[in-house]
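Read the structure below first, then the notes.
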Amino acid sequence: MELAKSYSPKDIESKWYAYWLKNNFFESKPDQREPYSIVIPPPNVTGVLHMGHMLNNTIQDVLIRHARMQGYNACWVPGTDHASIATEAKVVNLLREKGITKANISRTEFLNHTFEWKEKYGGIILEQLKRLGASCDWSRTRFTMEPKLNEAVIKSFVELYNKGYIYKDWKIVNWDPTAKTTLSNEEVIRKDEQSTLYYVSYKIKDSTETITIATTRPETIMGDTAICIHPKDERYFHLHGKRAFVPMINREIPIICDEYIEIGFGTGCLKVTPAHDSNDYEIGQKHGLEIIDTLNDDGTLNDNAQVFIGDDRFVARKKVIEKLKELGCLLKEESITNNVGYSERNPNTVVEPKLSLQWFVKMDDMVKPALENVLNDSIHFFPDKFKNTYKHWLENIRDWPISRQLWWGQQIPAYYYNEKNDFVVAENAEEALHLAIEKSGNSSLKQAELRQDEDVVDTWFSSWLWPISVFDGFDPNSKDFEYYYPTNVLVTGWDIIFFWVARMIFAGYEFKNEKPFKDVYFTGMVRDKQRRKMSKSLGNSPDALELIDKYGADGVRFGMLSCSAAGNDLLFDESTCEQGKNFCNKLWNAFKLIIGWEISETISQQDSAKAGILWFDARLNQTIQSIEENYPKYRLSEILMDTYKLIWDDFCSNYLEIVKPPFQTPIDKETHKMVLMHFEKLLALIHPFMPFISEEIWQKIEERKDGESIVVAEFPKSSPFNSEIIADFNQSMQVVTEIRTLRKQKNISFKEQIQLFVKENQKTNPIFDSVICKLSNLSKIETTQEKLNNSFSFIVKSNEYFVPLSQNIDLDSEILKIRKELDYTHGFLKSVNAKLSNEKFVNNAPEQVLSIENKKKSEAEAKIKALEEQLLSLEQKN
């Protein structure tokens, strides 16, 4: 078989991905098998593959490939999110480049433009995931604004409204002036930054006195409708019931008293601006204050401001400051650190608190089952430290503002039927007309007279249904939903635990009285080596596809997962992808070596090969057992590194060296068969992590039929193994290492055979003597009752080994070496004794752990005795 010198992923990856698709290995339909389902966190339809996607989707692919190989009916559902704000902003900008403004076209025309853009560019990220090797069932690809998923959103809105959970009200909301829409609290990014606190004086009516307030937002002064003081603040007793004038516009406002004010904070006086601050709004409602909104939706000042009309709020701030100085009202300025909210969708936009009429979802009752079923581990969080974060948020949750002032999204199914804006909520216009006639008593009402609410629902109000809606869960006859729901695991970043994870749990229990998933695996953030979040602006985020071009998909997958524990940030270093690429070449070269051996039907199996097979079989099963324990715990990095070490160290460095035939001689048939069997199991173990290289080699190990693939091969199961065999082999390899060190130090060629004598203070298994002889090129191993003179000696466990040398021994260096080893062993024994003398450790440690520690103690004591005897003997000679 002709094989390339090194593994070249480019052609191989496209070849095998096409083969997998052709054979429908990723497709899933309900059958008699147990399902294993995952729904992809749908990336924004505007998105392209970045490092976070690479990490998240590699983890999902590992889990789904592993489940598929275990015989589950594995179903990984892909799809994209319509991303209301991001997509609408992108399309508005594209239309602007064509000379078209949103204001000058109809809603239908705008949606047509947006769908046209989506069809052209919206699937890019899904195609990029194929380059990564993602084994999604692409026939199930969903989009959050496709007809069936739209229907699910509308049905859920109507159901919640009819239950009394959805209502419409005036409230202070987070307003994004760039997108001109409201945001939920979770869509606001809080940042501490340097700000200025301005001290402004207000004249008291019928007095020469003034009162001073401090504000960071002087541009809102024109919306003030009161000044508030604490009723017990003695400094201001004389101002109770008085009135003051708003600077610049001289509007008269009352001075009110409320215990909300902190006497010792600032000046003890608060300017109350009900339209532009949530706390001020509450005070305004309590005291019946006028509400004056001075801002337009785009963040410019409106006519109510009376001054600087049409100026942007931050331009107006500067002009207000100058005007206050001119009037003598600005008393001083003070630098402070202030917590400022920014739009999560438009990172450079400061969010504006704004009074607005919006739709809300009541959360009080919905929270209860979602909280209970996470705290009682009906839904498992990995790592479980995020339970506390989740609990804190749910216990302090506020009603969810779900209306967005956009066109791209599911239009709110509320229909107004008169000039007073009375409305009904219905799944369609026909049903709305029936309800409106019934509610109004106006039998002559026509459908054309109904006006549907202009707003759309929050994107998260559609994606919170994702695990239900992708399986058509609102269809009572859906076999997919009945079979695949609840899903097995959700893999997502911890940063959207509130945006999405919690809300999907709300929806699962609210609409289906069932959890949406059994486990949640939280990934960390991908950061650079300096712990900075990866971003385009910092220039520290590598291009995902360029990484795949450079290192291959398997190399990148290895690099992402080799250092990514659940919930912990991944400090990405490109060198780990290089390591992954090298690992591919290691596998490739191992395969080339194995198939390059000539096979003999007649020669008998060597003792060293028998011993090597016995050991590796035990070592393989030991690793498989560890892998089986770690998959349910989502310890994927540990699984990957255990498999890596098993292949690189145990298989390639030791096993192949033990069994390989001498140069230009054949290998026996039985050994070759066992090596291929073991290698095939290794390929199956590494396949979920590195699917392409494993498929390429698996297909070449033996002749395969069309339609066969490692994708659907059986994942190895552990068999009972003898751990003493592994321990005996490890001891033998310590002997080999010591002999190799001797050869290097004494410049003894490996071609020159040497002898080894052993003084056994502890019985060893002679089965690995043949391995020691082969790997060390020994002519023989003999036991001795006496120490050998003029020999190089070393100790493994408590046994003493001697290699006779024709050259003289440097006694001083040997004494120094033994003293160092003696010091180390004394230190090791001290640490073991400290553990065994710790009452808490002894009382709580499993019996197996105590047995291991006691064994360490006895072996260390025996080694110390042997080293001391050896040292004494050398010192007597010196």
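Numbers at a glance
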quantity: Test: residue in segment 803-817 that is at pLDDT below 90, in contact with a strand residue (DSSP E or B) (Cβ under 7 Å, 6 or more places away or on another chain), of a type outside the set (A, V, I, L, M, F, W, C) and more than 30 Å from Gln605 (Cβ to Cβ); calculated: yes
quantity: Elements of type helices (runs of 4 or more DSSP H) in segment 1-106, at least 3 residues being more than 27 Å from the chain's Cα centre (by Cα); calculated: 9-22, 84-97
quantity: Contacts under 7 angstrom Cβ, first residue in segment 527-556 being within 30 Å of Ser8 (Cβ to Cβ) and among the hydrophobic types (A, V, I, L, M, F, W, C), partner open to solvent by 30 Å² or more (accessible area, probe 1.4 Å) and part of a loop (DSSP other than H, G, I, E, B), 6 or more apart; calculated: Met534/Ser541; Ala544/His50
quantity: Candidates Ala436, Ala448, Ala432 - the one that is at pLDDT below 95, over 30 Å from Ile38 (Cα atoms), part of a helix (DSSP H, G or I) and not charged (D, E, K, R); calculated: Ala448
quantity: Scope segment 222-266; condition open to solvent by 20 Å² or more (accessible area, probe 1.4 Å), touching a Phe, Trp or Tyr at 6+ places or on another chain (Cβ under 9 Å) and assigned to a strand (DSSP E or B); matching residues; calculated: Phe245, Glu252, Cys257
quantity: Only listed residue being at pLDDT 95 or above, open to solvent by 50 Å² or more (accessible area, probe 1.4 Å) and over 30 Å from Ser462 (Cα atoms), chosen from Leu538, Leu614; calculated: Leu614
quantity: Helices (runs of 4 or more DSSP H) within segment 810-878 that include 2 or more residues within 47 Å of the chain's Cα centre (by Cα) and closer than 18 Å to Glu800 by Cα; calculated: 811-836, 847-877
quantity: Residue count, segment 470-508 (criterion: open to solvent by less than 10 Å² (accessible area, probe 1.4 Å), assigned to a helix (DSSP H, G or I) and not hydrophobic (A, V, I, L, M, F, W, C)); calculated: 3
quantity: Residues of segment 761-807 satisfying the condition of being among the aliphatic types (A, V, I, L, M) and part of a loop (DSSP other than H, G, I, E, B); calculated: Leu788, Leu805
quantity: Within segment 595-614, tally of residues that are within 30 Å of Phe692 (Cβ to Cβ), assigned to a helix (DSSP H, G or I) and touching a helix residue (DSSP H, G or I) at 6+ places or on another chain (Cβ under 6 Å); calculated: 2
quantity: All positions within segment 765-796 that are touching a residue at least 40 places away in the same chain (Cβ under 8 Å), hydrophobic (A, V, I, L, M, F, W, C) and open to solvent by less than 60 Å² (accessible area, probe 1.4 Å); calculated: Phe768, Val771, Ile772, Cys773, Leu775, Phe792, Phe794, Ile795, Val796
quantity: Any hit, segment 185-200, residues being among the aromatic types (Phe, Trp, Tyr), touching a residue at least 12 places away in the same chain (Cβ under 8 Å), closer than 30 Å to Gly508 by Cβ and buried (at least 19 other Cβ atoms within 10 Å of the Cβ); calculated: no
quantity: The one condition in (1) at pLDDT below 95; (2) within 50 Å of the chain's Cα centre (by Cα) that Asp312 fails to fulfil; calculated: (1)
quantity: In segment 559-594, the residues that are crowded, with 20+ Cβ neighbours inside 10 Å and assigned to a strand (DSSP E or B); calculated: Leu570
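The values are calculated or read from the model by the stated rules, or taken from the named source; none is laboratory data. None of these values were measured; they are calculated from a predicted model. No Cβ is skipped: glycine too gets one built from the backbone with ideal geometry, and neighbour counts run over all protein chains shown. Just the protein is used for accessible areas: all its heavy atoms, side chains included, with ligands, DNA and RNA removed. Shrake-Rupley method; radii C 1.70, N 1.55, O 1.52, S 1.80 Å.
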